[in-house]
Amino acid sequence: MQINSALTLVASVLLETDTTRDETIITSSPGGIALEEMTTGALSGLKWGGGYSADIVLLNPHDESISGELTFFDPDGEAVEITGADSPAVVYQIAPGGHFLLRQSASSIWPRQIYAVVESDDPMPSGGGILSLRNETLLVSQTMIPLRATTHYAWVPADTLPSLIRHGKSRQTFSIANPTRSPATLRFTLFNSVGAEQGRFEQVLPRYREQEFSLADMFNVQEFQGVIRLWSDAEISLNASRVTESLRREPVLSHIGYTTQEAVAGKGQLVMPGIYNGAGLATEIIFVNPGETSLDATWRFYSPEGEAKEITLR
């Protein structure tokens, strides 16, 4: 779906999937993130096998057809064969306004960690991956991983503390892939919720490799609330995710977005559509300040009709 408007709009896209347990799993999607003037994008943190499957969806928001290759790698940098494909590199051709869908799963007992690299001959597609976890035919959890350009720098919120909407234990991980031809020096800095530095961690990630890091691995902390700053001397792909144990002791997957200083430079307003509360739904809002100075902000909430609304924040 493409939305055209004479005025600036902000959209929230939700995927609702009914399960065989007569429940609905809601997955938030960032929609199509435009990758302007880029020829390479990456998706890290994918899995298949052990109940996991991945749907890769590429969209063409451009006025002309686009083509390129989609290649999958394991954590050691070895190309992964794709079911139904003649080679590890899957060629895509997408008409204007069209899409490309690739679904991958495996019958193995253990999940296989995978990352994908998108190389385009034309303007880059937008899209991402839908990571699903099933117990036989029951869909247990689902999350969306957006296709983003590789980056040198990122600020990632970290929150594994129990709360009113997350009662069980939480574990936050950072899947980082290095799709370049040179090793990447990764430098993580941990800050608490008031911006005080709590620790540093450094690691070299060899070329074409992917590695998963956790708060416990890097900083020896389990329950924490704050921010991680990541710097790399090579372009890397980052996917931050949080797995929370539900009251059924089932894992609930959540994608955690990241930001950069460039993404918020010169912007004085942030609009978030689709704040849901009640009837079994809750919205968690996390703000990160990637700048060097303190920020003061005013929150205003509105009803769907545009009327000012009072909200109780916890």
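We did not get these values from a lab; they are worked out from the coordinates using the rules stated. Bear in mind that the values here come from a model prediction, so they are computed numbers and not experimental data. Here the Cβ is made from the backbone with ideal geometry for all residues, glycine too, and neighbour counts use every protein chain on show.
In bins 20 Å wide, starting from 0, what share of all Cα pairs of the chain does each bin hold, as a percent?
Each 20 Å bin holds this share of Cα pairs: 29, 62, 9.
Label points 7 Å out from Cα along the Cβ direction at THR259 and THR8: separation in nm?
That separation, rounded to one decimal, is 1.5 nm.
Under unit Cβ charges (Lys, Arg +1; Asp, Glu -1), what dipole magnitude, rounded to 20 debye, does the chain have relative to its Cα centre?
Roughly 920 debye, rounded to the nearest 20.
Between GLU197 and TYR153, how high is the FRET efficiency from 1/(1 + (r/R0)^6) when r is the Cβ-Cβ distance and R₀ = 22 Å? Nearest 0.05.
FRET efficiency, GLU197 to TYR153: 0.85.
Put +1 on the Cβ of each Lys and Arg and -1 on the Cβ of each Asp and Glu in the range 1-141; which of ALA54, ILE94, ILE26 then has its Cα farthest toward the positive end of the dipole?
After comparing all options, I get ILE26.
Please name which of ALA154, VAL227, ASN178 has its Cα lying farthest along the dipole of the chain towards the positive end, using unit charges on Cβ (Lys, Arg +1; Asp, Glu -1) and the Cα centre as origin.
Comparing the listed Cα positions along the dipole, VAL227 ranks first.
Mind checking which of MET1, ALA85, TYR302 is farthest towards the positive end of the chain's charge dipole, using Cβ charges of +1 (Lys, Arg) and -1 (Asp, Glu) about the Cα centre?
Checked the options; the winner is TYR302.
Between THR24 and SER65, how many nm apart are label points set 7 Å from Cα along the C-beta direction?
3.9 nm
Applying 1/(1 + (r/R0)^6) with R0 = 30 Å to the Cβ-Cβ distance of ALA89 and MET38, what FRET efficiency is obtained, to the nearest 0.05?
Result of the calculation: an efficiency of 0.95.
With a point put 7 Å past each Cα toward its Cβ, work out how far ILE285 is from MET1 in nm, to one decimal.
2.4 nm
Restricting to DSSP loop positions (anything but H, G, I, E, B) with no more than 16 other Cβ atoms inside 10 Å of their own Cβ, which trypsin sites (Lys or Arg not before Pro) remain in the range 201-301? Numbers along the way, then the final one.
Values: sites: ARG207, ARG209, ARG229, ARG242, ARG248, ARG249, LYS267, ARG300; in loops: ARG207, ARG209, ARG248, ARG249, LYS267, ARG300.
Hits after loop and neighbour filter: ARG207, ARG248, ARG249, LYS267, ARG300.
So, in Å, what gap is there between the alpha-carbon centers of the range 155-211 and the range 51-86?
25 Å
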